[in-house]
Amino acid sequence: MRSVLPSHTRPIWAEISASRLVANYRALQAAAGPQVDVLAVIKANAYGHGATECAPILAAAGAKWLGVTSAEEGVAVRQSLGILPQGMPQPRLLVMCSLWFGEEASVLDYALTPVVWETYHLDLLEAEAKRRGFPAQSLAVHVEIDTGMSRQGVAPGALLQQLLSRFTAHSPLLLEGVMTHLASTEIADDPQDRRQMRDFTHALEQVAAAGLRPAYVHAGNTSSTDSGYMPQAIPALAESLGARAMTRAGLALYGYTLPLEMRRGIPNPHVASSLQPVMAWKTRVVSLRDIDTGTTIGYNSTFVSVTPMRLALLPVGYADGFRRGLSSSSEEEGGSVLLHGVRVPILGRVSMDLTVIDVTDIPQTKIGDEVILIGACGSEFVGADEQAHIAGTSVYEVLCGISDRVPRVVVE
Ligand SMILES: *Cc1c(COP(=O)(O)O)cnc(C)c1O
């Protein structure tokens, strides 16, 4: 394969497949159905895939909404889209973790749409909008309802009532969306999801009773789209308010899903089988050595050879987000990588910048050979989910933990 890496960096990079990202987005939109828009979640640097790399690709594929973490990330994404923010430019950018003091100016400058639930969110935005002479009902926000995560969001009832009273006819604030977040969507028939949807319904009734007519109602994520539950429940709720239904999906955009579970019955994934991993994380062999029996490898000598071996050194470590939990010892297997289409084991501790692998069985290995850390080679595949399993964490954490010093390179 041709080299995609700028020649002045050390040999470690993540290839981001534009065509796979688009195909996954289309598969998600197809699974969600024509009545539901998919908001493409590119928060946390697009789960490690590069928010400013992924945003223009998704925008060109027709995504109307993108979800970012913060105003800061929203500004970078808006700049990557190269669209001058006038009015409400497409795609819209939902700031999923709202704004902090001092960020209100960039929310307005870059036409970001924050999720809000604290009074201070509204205070900051309203004051800035008034200062700039924004007309009534021109600054869109989405109110989050807390239905059971006890994290972000306002509880239905008195607190919601208070918040809704801020959206007067004269305020520059516009209640454009009402949303909630569900806790256990990978369990397709989880009773908590049902309880949350019931509370969300009550909140929407409160919104309607306050005379407010949001344009969007949204809930759900990758797993609810995969299980097919949310695409059924949300349009009916949205319709009752004359709103458009939306769901928010991140993980599946990048080609991964959580295994679905069901308390009663067998879940039937709607989208998992049509997804392809977007990232191929690669490096190259930078050093080779032969060792004798009884040689120690890595910190704390957790691996000791019992036969002569050939080792290859990779310029990747936990400072790149290559999990230390992939380490092995003489007693316990760790993670593996792909070399010449073959799975080879990691030996000893993954250190900050370096990892040693066993190439004894691949004698043709030479310095410069490409190594796949995450991705496919021939018929073999190492997934971020496999690494998460070995390292005792989630696929989300593995992907968004890939650090900034790994260049992201967009490929076809
Ligand atoms: C991250 C997030 C999502 C997307 O979740 P996935 O499981 O990655 O699809 C949706 N909604 C909210 C509020 C989120 O924070």
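The values are calculated or read from the model by the stated rules, or taken from the named source; none is laboratory data. Treat the numbers as computed from the prediction; the structure is a model and nothing was measured. No Cβ is skipped: glycine too gets one built from the backbone with ideal geometry, and neighbour counts run over all protein chains shown. All accessible areas refer to the heavy atoms of the entire protein, side chains included, with ligands and DNA or RNA removed. Shrake-Rupley method; radii C 1.70, N 1.55, O 1.52, S 1.80 Å.
Couplings 3J(HN,Hα) of region 198-203, computed from phi: 5, 5, 5, 4, 4, 4 Hz, in residue order, whole Hz [Karplus 6.51 cos²θ - 1.76 cosθ + 1.60, θ = phi - 60°; x for Gly and Pro]. Between Asp369 and Val285, the built amide H atoms are under 5 Å apart, and every one of these is 5 or more places off in sequence or on another chain. The helix-based estimate of mean residue ellipticity at 222 nm for the chain, built from -39,500 (n - 2.57) per DSSP H run of four or more residues and divided by its residue count, is -8500 deg cm²/dmol to the nearest 500.
With Cα atoms as the point set, the radius of gyration and Dmax of region 279-411 evaluate to 14.0, 44 Å.
Across region 310-315, coupling constants 3J(HN,Hα) worked out from phi with the 6.51/-1.76/1.60 Karplus curve, θ = phi - 60°, read 10, 10, 10, 9, 10, x Hz, and Gly and Pro carry x. For Lys43, the lysines whose Cα comes closer than 28 Å to its Cα, not counting residues fewer than 8 places off in the same chain, are Lys64, Lys282. Rounded to the nearest 20, the Cβ-based charge dipole of the chain about its Cα centre (Lys and Arg +1, Asp and Glu -1) stands at 700 debye.
For region 76-124, GluC sites (Glu not before Pro) meeting the loop criterion (DSSP other than H, G, I, E, B) and having at most 15 other Cβ atoms within 10 Å: Glu118. Using a probe of 1.4 angstrom and keeping all protein chains present, the accessible surface of the chain works out to 42 square angstrom per residue.
Here region 261-317 is described by how far its Cα atoms reach on the three principal axes: 54, 27, 19 Å, from widest to narrowest.
Rolling a 1.4 angstrom probe over the chain with all protein chains present gives an accessible area of which 52% lies on carbon and sulfur atoms.
For the chain, the C-alpha radius of gyration divided by 2.2 N^0.38 Å, with N the number of residues, is 1.11. Taking a ≥ b ≥ c as the square roots of the eigenvalues of the alpha-carbon gyration tensor, region 33-262 is classed oblate because a/c is 1.5 or more while a/b is no larger than b/c. Ignoring aspartates and glutamates fewer than eight residues from Lys366 along the same chain, the ones with Cα atoms less than 19 angstrom from its Cα are Asp290, Asp358.
For region 393-399, backbone phi angles converted through the Karplus equation (6.51, -1.76, 1.60; θ = phi - 60°) give residue-by-residue couplings of 9, 9, 4, 4, 5, 4, 5 Hz, Gly and Pro being listed as x. Positive-end ranking of Gly375, Ala388, Leu124 along the dipole of the chain, with charges on Cβ about the Cα centre, is headed by Leu124. With loop membership from DSSP and a limit of 13 other Cβ atoms within 10 Å, the longest segment of the chain without trypsin sites (Lys or Arg not before Pro) is 3-131.
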